[in-house]
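Chemist: Dumping the structure here so I can ask a few things about it.
The values are calculated or read from the model by the stated rules, or taken from the named source; none is laboratory data. Note that the coordinates shown come from a computational prediction; the quantities given were computed from them, not determined experimentally. Here Cβ is always computed from backbone atoms with ideal geometry, including for glycine, and neighbour counts include all displayed protein chains.
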There are 2 protein chains.
Amino acid sequence: MTNSLDNQRHTLAHLLAAAVLEHYPHAKLTLGPATGTGFYYDVDFTGGAAAGDDDLKRLESTMRRLLPTWTSFTHETVTAEAARDRFAGNPYKLELIDEISARGETITLYTAGTFTDLCRGGHSENPAAEIAPDSFQLEKVAGAYWRGNEKNAMLTRIYGLAFEGKAELDAHQARLAEAKERDHRKLGRELDLFTFSELVGSGLPLYTPRGTILREELGGFSESLQRAAGFEKVWIPHITKIDLYKTSGHWDKFGHELFLVTSQESSDSFALKPMNCPHHTQVYASKPRSYRDLPVRYMETTTCYRDEKTGELGGLTRVRSLTQDDAHVFCRPDQIEDEFRAIMQMIKTMYGALGMQFTARLSYHDPEAKENYLGDEALWQEAEEKIEAVAKQLGLDYVIARGEAAFYGPKIDIMVIDALGREWQCATEQLDFVQPERFGLTYTDKDGQKKTPVMIHKALLGTIDRFLGVYIEHTNGRFPLWLAPEQIRIIPVSEQHLPFAEAVTNHLKSRGVRAEAALADDSLGKRIRAAKQMKVPYVAVVGDKEVEANAVALENRDGEKDTVSIDALIERLTTEISEKHL
Amino acid sequence: MTNSLDNQRHTLAHLLAAAVLEHYPHAKLTLGPATGTGFYYDVDFTGGAAAGDDDLKRLESTMRRLLPTWTSFTHETVTAEAARDRFAGNPYKLELIDEISARGETITLYTAGTFTDLCRGGHSENPAAEIAPDSFQLEKVAGAYWRGNEKNAMLTRIYGLAFEGKAELDAHQARLAEAKERDHRKLGRELDLFTFSELVGSGLPLYTPRGTILREELGGFSESLQRAAGFEKVWIPHITKIDLYKTSGHWDKFGHELFLVTSQESSDSFALKPMNCPHHTQVYASKPRSYRDLPVRYMETTTCYRDEKTGELGGLTRVRSLTQDDAHVFCRPDQIEDEFRAIMQMIKTMYGALGMQFTARLSYHDPEAKENYLGDEALWQEAEEKIEAVAKQLGLDYVIARGEAAFYGPKIDIMVIDALGREWQCATEQLDFVQPERFGLTYTDKDGQKKTPVMIHKALLGTIDRFLGVYIEHTNGRFPLWLAPEQIRIIPVSEQHLPFAEAVTNHLKSRGVRAEAALADDSLGKRIRAAKQMKVPYVAVVGDKEVEANAVALENRDGEKDTVSIDALIERLTTEISEKHL
């Protein structure tokens, strides 16, 4: 996105506001910024008619009629009193003016055509010349609280899309349509992957056998990479006394966000764990450690619980029950670089096998604001250098975000890019100089001294539920063979070929292939279509010819057909599965 | 246990009471029954000295002194008034007399020697002749509430052990010592299997890498048996809205025992699941089912939470976080027998592989009290016949417990017998005629009608934590090879043999064997002893000779030694593992 596109979008927010005032003179304007795909303006329509989805075409026409008259943007600096006079009767603008004034900043008014708004600037210099009339479109109307706070008045937010030109706008709309088609909630139903129950509650998905295979295969892949890198599985309960979080420091920071667990028969009380690190420190602490024992690497695929607001829940990308492929390394400072490299290598291998690109965001501390961070400054500096060295060595596409580190250590966040070009934060790798000390973790070093280990938090997939939501949309439900819940369906032409279909199915199953035999209960065409609707990677039809030749008529999802012997079929499938073909 | 042994034990309770009165004339006797290993008597010592552990030898001598004078037991029937006169001043006996009298039963007094007690009988006819003086022993003193109610007075319970003779008493004491030696809490620490943290809370074990291997191997074995029998894995969250249990009926019955989960930011509230069946019904309910789709078989290794009282928690046999190898079958009534047989066959296979005997307890309904059960009487009768048919076919050692069924259906409980002869309820298989109806579950039958499926609840291991506690003691930590966290340790004679030891270790690891190489950091003898203390099934030493011969000097836990080539070693270990040798 170019800066000029930002300016165009911001300009269009003003143009929308001008059009709103023409049709709804009673409307009170509030705020209208640019967004990543266009712009919006929040309007208070109290006291008269309100714009709805049906009014968008009319507002859009008015915007297009006004645009040629907006040949420049001028601005003036005014006193707070002058601004208050101008916006008298609009409590929203008055609130903004009071705040700007309280901060001692100058107050500016921007004018284009006959429309003036309180604004900090950042517009097209000549909107009529710079903005193509067919590069934008009003999208929808939604409710929004003033400043996002549900205690405030509910306003009407009018959304617009805006791009460099018509081609880009069309492309975006095609992506939106594609995204709707790929919506994982829709595919989740169609492919029978997960369900929700009103009796269980929102944000709490239940996985069917097919969805559970996806969870297990993804989690199992993550575990196998970690096992090869020396990680060992541990197991922790999902609840803990709050004392654990008082010690870790999480209680002070996030205590109010925890789900609390209470006994009805005693005064015992617990919290549902929202993360695993404090529990894992207690496994580390269960026996004395020597410098030779380090790194100690614990991994676990386990479910955390977070109190997401009901209104924010939908599908798998935001859930209350988050199953994570979490891990924690306890190491000496001199082991940080090797451990960081090994983890980053796993992330590369994993997303390579999943067919997804990613970029890395290196979140560092701000040396100008040392007071925001805990831990030794020299350790921070050294660690950050090592992290960048690893990123360079592995040829990562990375940016450094100075000042974005957590208070306890620098980190790498992995932004995975899906087939529609959307970015998702999935994997993460974080250094932690603080928690080991809070829990009094130690190891005995070569010199006989007790020292504090460094902790590394890492997740490859992050939250498996969320990743699955992303991956269903990325693949449009066409999972790679190794991941597909049903890998091949054997379809008998008629009843008499069913025993052969079942024999082939059992043979494949005994070799670890997820094969299903279809019944001969409908027309062949319908049964083949049913298998394709379920996006089964391979469909194998068996009739007289195939029974005689001990073979199947095979078709993949791209429509490529081939007759292959049973032996060749097994060889082909098991190879594609073990090599994780995409 | 013979009836005569019961009588001996009951007689010894009287003898203890007589001895107590000799030494503590102020003592008030209450109740003194026989137990499975001896007897006890509860005494109120208020108003004078109380017997403690140090007084047991003295009481025992007195019992042995009195025993020869107890050559008969006589009894007389008395009126309530006469009895009240006799026990005036003893409120416990008076309470018992009032109760017997209120029930309209006769009141009997039993006398041996000079001691008379309120009693229903069941004694040795000639104690002096029938009871060997060395067949019993006073064991310990403990506190006990009158009639087990904590609102009542605290009494002193004096426990005794009693067996047929000295040999049997000695054998029991040897078993007790052995049980102490095998205590899984002790072995859990020594073998580094699990830990508890005061910050996390009691009853909430955390499993170290070694303990997690045990959990995963046991759970994985259970899953593999189930998968072969057509069970499919599903996944459910650990919490649910209470609505789920209101619908299932659990809320009314067990609501107060649930851990409640509350949001601090909204009014949402949940419960931690104490069982999985209601959640699994919601997966079944996620789409329409036809008679051809049944049986639908869901399995899951998942953690439930139960609010056990803190005082009752200890080790793994009673925990608050219970991980279960749970499963639910939804089937037609005509499929019950096949499903029951398949599950029972899995139980046989599983405990066979684990080297444990079991007996089966068939809990049936009481046809005389039909009002206690829900569901169709004919279905109950038919199901119970089928269950017994299965038990017979599979040659189970079973008893029928009429009247012990749950209100929702008959069941089989499996009592596993450990190496010390103790029985543990582990596996279970239960029919359920009620829950499917409460949740409105249906399938469309051949005739097009909607019908209600029958549900079968089953667990092979039951609670894995609890089973692990039992199995650690059963095996004394000498796990079969396939289960052992560390299967073989390769010990280099000296530093120069370390590279060979590591090469062998890696070779074994690549073949899926859990091998570890020891460092050459201590004397060879000490390092071999360390491996044996960890009960590692195989210890392999490598020195000059072995390096030259590409072999290892192998020793198993029974001390059998053998020099084997690397190829033979791999063959031997992988075969023993895949065949699950004991």
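Chemist: Give segment B:122-140 a look and list any residue that's among the polar types (S, T, N, Q) and under 18 Å from B:Asp42 (Cα atoms), or say none.
Modeler: Step one: list which residues in segment B:122-140 are among the polar types (S, T, N, Q), which gives B:124, B:126, B:135, B:137.
Result: B:Gln137, single match.
Residues checked against (1) modelled with pLDDT of 95 or more; (2) under 20 Å from the mean Cα position of the chain (by Cα); (3) among the charged types (D, E, K, R):
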| site | (1), (2), (3) |
| --- | --- |
| A:Ala177 | no, yes, no |
| A:Lys180 | no, yes, yes |
| A:Lys186 | no, yes, yes |
| A:Thr208 | yes, no, no |
| A:Leu214 | yes, yes, no |
| A:Glu217 | yes, yes, yes |
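Chemist: For the list (1) buried (at least 18 other Cβ atoms within 10 Å of the Cβ); (2) out of contact with any strand residue (DSSP E or B) (no Cβ under 7 Å at 6 or more places or on another chain); (3) touching a residue at least 60 places away in the same chain (Cβ under 8 Å), I need the number of the one condition that A:Pro68 fails.
Modeler: Evaluating A:Pro68 over (1) buried (at least 18 other Cβ atoms within 10 Å of the Cβ); (2) out of contact with any strand residue (DSSP E or B) (no Cβ under 7 Å at 6 or more places or on another chain); (3) touching a residue at least 60 places away in the same chain (Cβ under 8 Å) leaves (1) as the failure.
Chemist: Please find, within segment A:249-281, the residue that is farthest from B:Thr195 (Cα to Cα) out of those that are among the polar types (S, T, N, Q) and within 30 Å of the chain's Cα centre (by Cα). I'd like the intermediate steps shown before the answer.
Modeler: First, the residues of segment A:249-281 that are among the polar types (S, T, N, Q): A:262-264, A:266-267, A:269, A:276, A:281.
Now narrow it down to the ones that are within 30 Å of the chain's Cα centre (by Cα): A:276, A:281.
Values: A:Asn276: 16, A:Thr281: 12 Å.
Ranking the qualifying residues of segment A:249-281, first place goes to A:Asn276.
Chemist: Which residue is farthest from A:His14 (Cα to Cα), if the candidates are limited to segment A:80-104 and must be touching a helix residue (DSSP H, G or I) at 6+ places or on another chain (Cβ under 9 Å) and assigned to a loop (DSSP other than H, G, I, E, B)?
Modeler: Among residues in segment A:80-104 that are touching a helix residue (DSSP H, G or I) at 6+ places or on another chain (Cβ under 9 Å) and assigned to a loop (DSSP other than H, G, I, E, B), the one farthest from A:His14 (Cα to Cα) is A:Ala88.
Chemist: Hey, another quick one. Please specify each residue of segment A:228-257 satisfying the condition of being out of contact with any helix residue (DSSP H, G or I) (no Cβ under 9 Å at 6 or more places or on another chain) and in contact (Cβ under 8 Å) with a residue 40 or more places away in the chain.
Modeler: Passing the criteria: A:His238, A:Glu257.
Chemist: Check whether at least one residue in segment B:309-317 is buried (at least 17 other Cβ atoms within 10 Å of the Cβ) and away from chain A (no Cβ under 14 Å), and report yes or no.
Modeler: Yes, segment B:309-317 contains at least one residue that is buried (at least 17 other Cβ atoms within 10 Å of the Cβ) and away from chain A (no Cβ under 14 Å).
Chemist: Tell me, yes or no, whether segment B:148-160 has at least one residue that is part of a helix (DSSP H, G or I), more than 30 Å from B:Arg478 (Cα to Cα) and without any contact (Cβ under 8 Å) to a residue 12 or more places away in the chain.
Modeler: Keep residues of segment B:148-160 that are part of a helix (DSSP H, G or I), which gives B:148.
Filter once more, so that each one left must be more than 30 Å from B:Arg478 (Cα to Cα): B:148.
Within this subset, residues satisfying the condition of being without any contact (Cβ under 8 Å) to a residue 12 or more places away in the chain are B:148.
Yes - at least one qualifying residue is present in segment B:148-160.
Each row is one residue, and each column tells you yes or no for (1) crowded, with 21+ Cβ neighbours inside 10 Å; (2) of a type in the set (A, V, I, L, M).
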residue: A:Lys451; (1), (2): no, no
residue: A:Lys458; (1), (2): yes, no
residue: A:Asp465; (1), (2): yes, no
residue: A:Ile472; (1), (2): yes, yes
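Chemist: I would also like to ask the following. Scan (1) under 30 Å from B:Thr208 (Cβ atoms); (2) crowded, with 20+ Cβ neighbours inside 10 Å for the single condition A:Arg227 breaks and write down its number.
Modeler: Of (1) under 30 Å from B:Thr208 (Cβ atoms); (2) crowded, with 20+ Cβ neighbours inside 10 Å, only one is false for A:Arg227: (2).
Chemist: Okay, next question. For A:Tyr207, state whether it is aromatic (Phe, Trp, Tyr), touching a strand residue (DSSP E or B) at 6+ places or on another chain (Cβ under 8 Å) and away from chain B (no Cβ under 11 Å).
Modeler: Numbers: aromatic (Phe, Trp, Tyr): yes; touching a strand residue (DSSP E or B) at 6+ places or on another chain (Cβ under 8 Å): yes; away from chain B (no Cβ under 11 Å): no.
No, not satisfied.
Chemist: If you check B:Arg157 against the conditions, is it surrounded by 15 or more Cβ atoms within 10 Å (Cβ to Cβ) and within 28 Å of the chain's Cα centre (by Cα)? Step through it out loud before you land on a result.
Modeler: Details: surrounded by 15 or more Cβ atoms within 10 Å (Cβ to Cβ): yes; within 28 Å of the chain's Cα centre (by Cα): yes.
Judged against the criteria, B:Arg157 is a match.
Chemist: Specify the residue that is farthest from A:Trp70 (Cα to Cα); the eligible residues are those in segment A:105-133 that are of a type outside the set (A, V, I, L, M, F, W, C) and part of a strand (DSSP E or B). Before you say what the answer is, go through the steps one by one.
Modeler: Filtering segment A:105-133 for residues of a type outside the set (A, V, I, L, M, F, W, C) gives A:105-106, A:108, A:110-111, A:113-114, A:116-117, A:120-127, A:130, A:133.
Subset that is part of a strand (DSSP E or B): A:108, A:110-111, A:116-117.
Details: A:Thr108: 19, A:Tyr110: 12, A:Thr111: 9, A:Thr116: 12, A:Asp117: 14 Å.
My answer is A:Thr108.
Chemist: OK, next. Please specify each residue of segment B:207-221 satisfying the condition of being acidic (Asp, Glu) and either buried (at least 21 other Cβ atoms within 10 Å of the Cβ) or closer than 16 Å to A:Phe231 by Cα (or both).
Modeler: Passing the criteria: only B:Glu216.
Chemist: Residue by residue through segment B:364-374, note down the ones that are of a type in the set (A, V, I, L, M) and assigned to a loop (DSSP other than H, G, I, E, B).
Modeler: Just the residues of segment B:364-374 that are of a type in the set (A, V, I, L, M), to begin with: B:369, B:374.
Hit for segment B:364-374 is B:Leu374, nothing else.
Chemist: Okay, next question. Could you grab me the full set of residues in segment B:428-468 that are closer than 14 Å to B:Asp376 by Cα and part of a loop (DSSP other than H, G, I, E, B)?
Modeler: B:Phe433, B:Val434, B:Thr452, B:Pro453
Chemist: Another question about this same structure. Only one residue in B:Glu382, B:Glu371, B:Glu339 is out of contact with any Leu (no Cβ under 8 Å at 6 or more places or on another chain), farther than 25 Å from B:Glu579 by Cα, without any contact (Cβ under 8 Å) to a residue 12 or more places away in the chain and more than 14 Å from chain A (Cβ to nearest Cβ). Which one? Give the derivation first.
Modeler: Values: B:Glu382 fails: without any contact (Cβ under 8 Å) to a residue 12 or more places away in the chain; B:Glu339 fails: without any contact (Cβ under 8 Å) to a residue 12 or more places away in the chain.
Just one listed residue meets the conditions, B:Glu371.
Condition check ((1) in contact with a Ser or Thr (Cβ under 8 Å, 6 or more places away or on another chain); (2) modelled with pLDDT under 95; (3) within 24 Å of A:Ser578 (Cα to Cα); (4) in a helix (DSSP H, G or I)) across all residues:
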position	(1), (2), (3), (4)
A:Tyr471	no, no, yes, yes
A:Phe479	no, no, yes, no
A:Ala484	no, no, yes, no
A:Asn506	no, no, yes, yes
A:Asp522	no, yes, no, no
A:Val536	no, no, yes, no
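Chemist: Follow-up question, since we're still on this one. Those residues that are surrounded by 15 or more Cβ atoms within 10 Å (Cβ to Cβ), part of a loop (DSSP other than H, G, I, E, B) and within 19 Å of the chain's Cα centre (by Cα), I need them from segment A:378-421; list them, please.
Modeler: A:Glu404, A:Asp418, A:Ala419
Chemist: Here's something else I'd like to know. I'd like the full set of residues that are within 8 Å of chain A (Cβ to nearest Cβ) and not aliphatic (A, V, I, L, M), limited to segment B:210-238. Please lay out each step first, then the result.
Modeler: Narrowing segment B:210-238 to residues within 8 Å of chain A (Cβ to nearest Cβ): B:211-213, B:215-216, B:232-238.
Those that are within 8 Å of chain A (Cβ to nearest Cβ) and not aliphatic (A, V, I, L, M): B:Gly211, B:Thr212, B:Arg215, B:Glu216, B:Glu232, B:Lys233, B:Trp235, B:Pro237, B:His238.
Chemist: Say we look at segment A:352-363 and pick out the residues that are touching a Phe, Trp or Tyr at 6+ places or on another chain (Cβ under 8 Å) and either in a strand (DSSP E or B) or of a type in the set (D, E, K, R) (or both); which of these is surrounded by the most Cβ atoms within 10 Å (Cβ to Cβ)?
Modeler: Within segment A:352-363, the match that is surrounded by the most Cβ atoms within 10 Å (Cβ to Cβ) is A:Phe358.
Chemist: Moving on to the next point. Among the residues of segment A:442-492, which ones are more than 21 Å from the chain's Cα centre (by Cα) and within 24 Å of A:Pro537 (Cβ to Cβ)? Outline the logic, then answer.
Modeler: Initially, segment A:442-492 is screened for residues more than 21 Å from the chain's Cα centre (by Cα), giving A:442-456, A:481-482, A:484-492.
Across segment A:442-492, the qualifying residues are A:Leu481, A:Trp482, A:Ala484, A:Pro485, A:Glu486, A:Gln487, A:Ile488, A:Arg489, A:Ile490, A:Ile491, A:Pro492.
Chemist: In addition: Output the residues belonging to segment A:258-280 that are more than 9 Å from chain B (Cβ to nearest Cβ) and touching a residue at least 60 places away in the same chain (Cβ under 8 Å). Break it down stepwise before answering.
Modeler: Here is the first cut: in segment A:258-280, the ones more than 9 Å from chain B (Cβ to nearest Cβ) are A:267, A:269, A:271, A:273-277.
Residue satisfying the conditions is A:Cys277 alone.
Chemist: Among all residue pairs at least 6 apart or on different chains, which show Cβ distances below 7 Å where the first residue, located in segment A:540-568, is farther than 13 Å from A:Ile488 by Cβ and the second is of a type in the set (Phe, Trp, Tyr)?
Modeler: That search, which allows pairs on different chains as well, returns A:Val547/A:Phe500.
Chemist: Quick one: would you say A:Arg289 is more than 7 Å from every other protein chain (Cβ to nearest Cβ) and modelled with pLDDT of 95 or more? I'd like the intermediate steps shown before the answer.
Modeler: On the way: more than 7 Å from every other protein chain (Cβ to nearest Cβ): yes; modelled with pLDDT of 95 or more: yes.
Spelling it out, A:Arg289 is indeed more than 7 Å from every other protein chain (Cβ to nearest Cβ) and modelled with pLDDT of 95 or more.
Chemist: Output the number of residues of segment B:193-202 satisfying the condition of being crowded, with 23+ Cβ neighbours inside 10 Å, facing chain A (nearest Cβ under 9 Å) and touching a residue at least 24 places away in the same chain (Cβ under 8 Å). Explain how you work it out, then say what you get.
Modeler: If we filter segment B:193-202 for residues that are crowded, with 23+ Cβ neighbours inside 10 Å, which is where we start, we get B:193-194, B:197, B:200.
Next, from what is left, pick out any that are facing chain A (nearest Cβ under 9 Å): B:194, B:197, B:200.
From the residues that got through so far, the ones that are touching a residue at least 24 places away in the same chain (Cβ under 8 Å) too are B:194.
Total satisfying the criteria: 1.
Chemist: Applying the selection to segment B:422-449, what residues are surrounded by fewer than 18 Cβ atoms within 10 Å (Cβ to Cβ), acidic (Asp, Glu) and touching a residue at least 60 places away in the same chain (Cβ under 8 Å)?
Modeler: B:Glu423, B:Asp445
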